[in-house]
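Q: First the structure, which I've put down as structure tokens, then a few questions once you've had a look.
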Amino acid sequence: MPLFDKVMSPLQRLRPPWRGDGEVTVPEAVAPLETVIGTAPRPAVLPLERAVVIPCPDPTAEDRARDLIQDAALRLARQEDWKSLAAQLRTYDSAREKTGGGMPVAELMAFGARADVVAAAEHALISGRPDMDAPLLEGIEALEIVLAEADNDPMIAAVVASAHVDIGWAWRGTGWSIEVPRHNREAFAAHFERAAEIVDALDPVALNSPLVASVKCAVSGGMAADVETIVADYERWIALDARNPRAMRSMGKHLLPRFSGSYERLEIEARRAAALTDDVWGAGGYAWTMMDAIAMDSEACARVDLDFFVDGLRDILRHIRDQHVVNMLAAYCANTMGDAPMGHDEADYIRARIAETAAWIVRDHLHELHSITWAQASRGLDQTVGVRCRDRFAASGYADALRYLGDVFRRELAAGQRVIFTENGAQTRAG
């Protein structure tokens, strides 16, 4: 749900006007209804903050885990202890170690290791027109020296290539190619060409490395390689770590026509992903693959197999109950997909149907609220604008989620009941 109020529907505009004190004005010529037929006393309705009781940890367990992992890698990079960093990356990568929310530890460490360099470049590019003396290359040049001194260690190579990918996307953005200025496209291409050189000789299967596979996918997808190459790279990543949904989500985005795929190939590969990961996710592989693609492309949304997608969401939540995932899926359905119509009739119908699924996710699986996740979902997939005030951002997500919970449980709340979320699900009690 966006941070601004939705436009009133025609039905809302038909409601009678309200006085400042919150009472309905009744024309004098019309007797109030209760004087005609009588009415039972209405139960007192509690304020929403008191009526809906749900734990709201900040930071969440997933946030803490991710921050600790990224910070540990960042410290090693700042200390220039690249040998220890590479050894830890290799250990966690081989073990497929993940956080409770399913995020690979090796990917988090690789991000932390390049965070300073990427953040400096993104800051210089924040206006889209960096100054001539902006330090856009200093950090990446330093990483290139580290890679040379590490004798092209595959783990360090993954970090440096990923830094080139991140900076490249910072130059390009996520719009259609025709919308991107020529200079930005050239910078994007230069960074991706260098990333490709770094990882070209690395074989993720021989290295038993999902991390290397993920970087090769990011490079081939960004360089608009032919669709067969992109699919082959992603299938290797999925085969190496089927429990990592990021592989399928990224594949879905890169198979959109705006990059190098087609709607037909997206559908085919989403179904193949479901078949390849059936023992891990059931139909969830289809939902993971389609999730970001249909959020950013109306035509892809209009073409999605709705029943298969919803079955996939159910299967995902049968296989993983972590509250980070539950909040992410609920917020995705309610906000990212349930946001304002996009002007494409078929897609808007699908979005509305997907938004409806958030209700059963909340009722059956939610037992704590992750405010930041809900705030992020209101932005859709555009996370490029920095959060200037984290507390206000979290507060907006909390208010947004609370309004949605109030809508889901509106009948119970209207009856004067309280909704209390526990580890056993939502329970109603007398107010």
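The values are calculated or read from the model by the stated rules, or taken from the named source; none is laboratory data. This structure is a prediction, so every number in the text was calculated from the model and none was measured. SASA here: full protein model, heavy atoms, side chains in, ligands and nucleic acids out. Shrake-Rupley method; radii C 1.70, N 1.55, O 1.52, S 1.80 Å.
Q: Limited to the stretch 232-254, what total is found for residues that are part of a loop (DSSP other than H, G, I, E, B) and not charged (D, E, K, R)?
A: 2
Q: Can you tell me which of LEU240, LEU202 is within 30 Å of ASP81 (Cα to Cα), open to solvent by 20 Å² or more (accessible area, probe 1.4 Å), within 25 Å of the chain's Cα centre (by Cα) and of a type in the set (A, V, I, L, M)?
A: It is LEU240.
Q: Give just the number: which of (1) assigned to a helix (DSSP H, G or I); (2) at pLDDT 95 or above does ASP364 not satisfy?
A: The one condition ASP364 does not meet is (2).
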